[in-house]
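Take a look at the structure set out below.
The values are calculated or read from the model by the stated rules, or taken from the named source; none is laboratory data. Predicted, not measured: the structure shown is a model, and the values here were computed from it. All Cβ positions, even for glycine, are placed from backbone atoms using ideal geometry, and neighbour counts span all protein chains on display.
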Amino acid sequence: MGGNSNTDEFAPEPIGGALRPTFTVAGDGLEGIAHAYMLIKTGHFNVVSVESHGKPSEIKTLQDIYRFALDPLHVRPLDYVNPLFYAGLDAVAYMKRTGAKREHLAMVAVKNKNNGLSNERASFSTKLDLDYVLSSNYSIYPMTNYEIAPFSDASITFVLANEEYAKKLTDNPVWIDGIGYSTETGTGATEWHEWGKMKSFRNAAIMAYKLANLNGNPQVDFAEVEDRFSFMELLALEETMLVKEGEAHKMLEKGDFNRDGYLPINPSGGSLSMGIQLEATGLSRLLEAYLQLTGKAGNHQLKNVRRGLVASWRGVPTYTSMVALLSV
Amino acid sequence: MRSNIFMKDRVAIVGAGLTTFMRRALETPRELAWEAAKMALDSAGLTLKDIDCVVIGSAPDTFDGMHFKGEYLADGSGAINKPMTRVYVGGGTGVFVPESAYWHIASGVCKKVLVVAEEKMSPAHPHPQYVFKYIWDPIIERPLGPNLIWIFAMEMRRYMAKCGAKKEDIALVSVKNKRNALDHPAALTAANITVDDVLKSETLVWPVNLLDVSPVTDGAAALVMTSENVAREITDTPVWVDGVGFTLENQHWYNRELAFPRY
């Protein structure tokens, strides 16, 4: 997406990959972490680094790139549809299923945009109140511009190591207890998607919890989850089984997801505050979770956090999601 | 990379499928992928229900004219509601996909993996070579308008000069391989040719002749790979993956020794 074909061939020197085993995972950065996890688990590798970057500011024709992501036979001929309509359909179906109101979607944006004010990486944070969002025009029904994350540029790198090396390299490693990823259906077969749900989140979570020897709710202290569309935060929380189905909007209303609430969600401000860095988005959620768990989150540091969950989605028009469970 | 003598799961190949390679296939990329995937599943005696992970390999998006190509191929590759990942390393992707499947299994994360590689280059008009315009460094190289065969030509020329190989010697590779493929049902350009035919074929970029290079094709290939225990249940004749390896060279081709690929 950065305007270069064969992106892996542009990578080696900047990330120290020249004359080393280096490859590209065509997916969200969290999928790269899943590969690194597996590489280390084979016992062949001690230390693996994962880099992901996105530079949407260089893209002149984002609409055309989206167009090329749509099914060439059924959707592309519809002449310049706004591909974000997929998210609008999902949002409406989600609201209908759970009874969440338009106000709840706006509340997510208000929470995250304000959370971002104490995060130095959150370029799109702003002081926002509910009335202001509700009185704005719809951008993609039922969401206004404030409920759709804008784009930003970033590059994020993680270094993963096996237990032996991790203990040599640092005194406070963050452990990956489990990681999972899943695809619900292909972009050419969106008719098989269950609207208003995100089965890929559920399957990814089940895979991650299984690897962590857990069954169901992992009882995390906080979570950094997908929020490029406001309703996705609520949906992701339900599908990863952190909260019961249909409960997310009620908990949000009670303030449970605030930074001082019972289960802080996106204390960093999420993608609504930090922006979408294309495939690096998942890693920016992971980075914030890592900072929280190691006590390096600065102004938005939570107290006494030992376990966190990260969930990311590849964005419209895909149905692929990734979940990682971390602990210290 | 180090050896691991305590490996939990040895990795085996238990099924394979391959479509006919052709120019301008009528099938969509999803259909090509499924054709190969179905053959692989059938040859292993498995169905999609048995598969717990899918690894897809396909070169960068632009060749098929599809953005998010892994996502597009997901249903054709049988990845519905399954962990699906797409990897690529440029031209080596076809060999790299089973390598990626290797660590899915060797790590103990997956037991039965469907491996699918697909490429449909014919939608690029007038020729996929134009897509290669975008593989060059946008500041230093792209303004010169290079194409891929130029680089091959320079590598071939350098190899000839350094190793004392003649054009006739190199033509023998084409003669051997095209002849080997005469009985191969999936081959596109099998032919019984002579060294002379190669030398007399059109010169693309000296010293590369038309019959020295492989043509653009559409096609897909698939494998079913499993852990040792599963493989023993499925077949008496699994093929074992004893080792895998992959390396990337440096970023700019002109910084490499053209005659000797260190990678």
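Tabulated data for the structure shown
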| read-out | value |
| --- | --- |
| Set B:Ala259, B:Ala190, B:Ala231, B:Ala222: member being in a strand (DSSP E or B) and of a type in the set (A, V, I, L, M, F, W, C) | B:Ala222 |
| Top-ranked residue in the range A:288-320 [being at negative phi and within 13 Å of chain B (Cβ to nearest Cβ); ranked as farthest from the chain's Cα centre (by Cα)] | A:Pro317 |
| Inter-residue pairs, beta-carbon under 6 Å, first of a type in the set (Lys, Arg) and in the range A:164-182, second surrounded by 18 or more Cβ atoms within 10 Å (Cβ to Cβ) and at pLDDT 95 or above, 6+ apart | none |
| Condition met for A:Leu105 (under 17 Å from A:Val316 (Cα atoms) and in a helix (DSSP H, G or I)) | no |
| Considering residues of the range B:88-112 that are in contact with a strand residue (DSSP E or B) (Cβ under 8 Å, 6 or more places away or on another chain) and more than 11 Å from chain A (Cβ to nearest Cβ) only, the residue nearest to B:Thr47 (Cα to Cα) | B:Lys112 |
| Near pairs, Cβ below 7 angstrom, 6+ apart or cross-chain, from the range B:149-168 (polar (S, T, N, Q)) to any residue that is surrounded by fewer than 16 Cβ atoms within 10 Å (Cβ to Cβ) | none |
| Flag if A:Lys41 is modelled with pLDDT under 90 and either surrounded by fewer than 18 Cβ atoms within 10 Å (Cβ to Cβ) or within 14 Å of another protein chain (Cβ to nearest Cβ) (or both) | no |
| Per-region count, the range B:84-100, residues farther than 20 Å from A:Asp28 by Cβ and either more than 14 Å from the chain's Cα centre (by Cα) or not β-branched (Val, Ile, Thr) (or both) | 6 |
| In the range A:150-190, the residues that are under 30 Å from A:Leu73 (Cβ atoms) and not in a strand (DSSP E or B) | A:Glu184, A:Thr185, A:Gly186, A:Thr187, A:Gly188, A:Ala189, A:Thr190 |
| Hits in the range B:201-249 (condition: surrounded by fewer than 13 Cβ atoms within 10 Å (Cβ to Cβ) and of a type in the set (D, E, K, R)) | B:Glu202, B:Glu233, B:Asp236, B:Asp242 |
| Matching residues, the range A:124-149, being assigned to a loop (DSSP other than H, G, I, E, B), more than 20 Å from the chain's Cα centre (by Cα) and either free of Cβ contacts under 8 Å to residues at least 12 places away in the same chain or closer than 25 Å to A:Pro83 by Cα (or both) | A:Ser135, A:Ser136, A:Asn137, A:Tyr141, A:Pro142 |
| Filter result for A:Val323 (part of a strand (DSSP E or B), surrounded by 24 or more Cβ atoms within 10 Å (Cβ to Cβ), β-branched (Val, Ile, Thr) and away from chain B (no Cβ under 14 Å)) | no |
| Selection from the range B:41-60 of residues that are surrounded by fewer than 23 Cβ atoms within 10 Å (Cβ to Cβ), facing chain A (nearest Cβ under 10 Å) and either of a type in the set (Val, Ile, Thr) or more than 16 Å from B:Cys110 (Cα to Cα) (or both) | B:Pro60 |
| Failed item, numbered, when A:His35 is tested on (1) crowded, with 18+ Cβ neighbours inside 10 Å; (2) touching a strand residue (DSSP E or B) at 6+ places or on another chain (Cβ under 6 Å); (3) more than 10 Å from chain B (Cβ to nearest Cβ) | (3) |
| Qualifying helices (runs of 4 or more DSSP H) (wholly inside the range B:1-111; at least 2 residues being within 30 Å of B:Ala124 (Cα to Cα) and modelled with pLDDT of 95 or more) | B:29-44, B:93-106 |
| All positions within the range B:5-37 that are without any contact (Cβ under 8 Å) to a residue 60 or more places away in the chain and either of a type in the set (Lys, Arg) or not assigned by TED's automatic domain parsing to the domain that holds B:Ser100 (or both) | B:Ile5, B:Phe6, B:Arg30 |
| In the range B:210-240, the residues that are touching a residue at least 24 places away in the same chain (Cβ under 8 Å) and of a type outside the set (A, V, I, L, M, F, W, C) | B:Asp212, B:Ser214, B:Pro215, B:Thr217, B:Asp218, B:Gly219, B:Thr226, B:Ser227, B:Glu228, B:Asn229, B:Thr235, B:Pro238 |
| Members of the range A:162-190 that are closer than 18 Å to A:Phe45 by Cβ and within 7 Å of chain B (Cβ to nearest Cβ) | none |
| Residue under evaluation A:Leu291, criteria (1) hydrophobic (A, V, I, L, M, F, W, C); (2) outside any loop (DSSP other than H, G, I, E, B); (3) closer than 30 Å to A:Leu70 by Cβ, criterion not met | (3) |
| Only listed residue being basic (Lys, Arg), out of contact with any Pro (no Cβ under 6 Å at 6 or more places or on another chain), closer than 28 Å to B:Gly57 by Cβ and more than 14 Å from chain A (Cβ to nearest Cβ), chosen from B:Arg256, B:Arg232 | B:Arg232 |
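Yes or no, residue by residue, for (1) over 30 Å from A:Glu184 (Cβ atoms); (2) outside the structural domain of B:Glu31 (by TED's automatic domain parsing); (3) in contact with a helix residue (DSSP H, G or I) (Cβ under 8 Å, 6 or more places away or on another chain); (4) surrounded by fewer than 17 Cβ atoms within 10 Å (Cβ to Cβ):
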{"residue": "B:Ile80", "(1), (2), (3), (4)": "no, no, yes, no"}
{"residue": "B:Thr93", "(1), (2), (3), (4)": "no, no, no, no"}
{"residue": "B:Tyr102", "(1), (2), (3), (4)": "no, no, no, no"}
{"residue": "B:Glu119", "(1), (2), (3), (4)": "no, no, yes, no"}
{"residue": "B:Tyr134", "(1), (2), (3), (4)": "yes, yes, yes, yes"}
{"residue": "B:Leu148", "(1), (2), (3), (4)": "yes, yes, yes, no"}
{"residue": "B:Ala161", "(1), (2), (3), (4)": "yes, yes, no, yes"}
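Here is a yes/no grid of residues against (1) touching a Lys or Arg at 6+ places or on another chain (Cβ under 9 Å); (2) small (Gly, Ala, Ser):
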| site | (1), (2) |
| --- | --- |
| A:Ile179 | no, no |
| A:Ala189 | yes, yes |
| A:Lys197 | yes, no |
| A:Ile206 | no, no |
| A:Tyr209 | no, no |
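Residues are listed down the side, and each one gets a yes or a no for (1) away from chain B (no Cβ under 14 Å); (2) touching a residue at least 24 places away in the same chain (Cβ under 8 Å); (3) over 26 Å from B:Gly108 (Cβ atoms):
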residue	(1), (2), (3)
A:Trp192	no, no, yes
A:Lys199	no, yes, no
A:Ala204	no, yes, no
A:Leu211	no, yes, no
A:Asn217	yes, yes, no
A:Glu224	yes, yes, yes
A:Asp227	yes, yes, yes
A:Gly246	yes, yes, yes
A:His249	yes, yes, yes
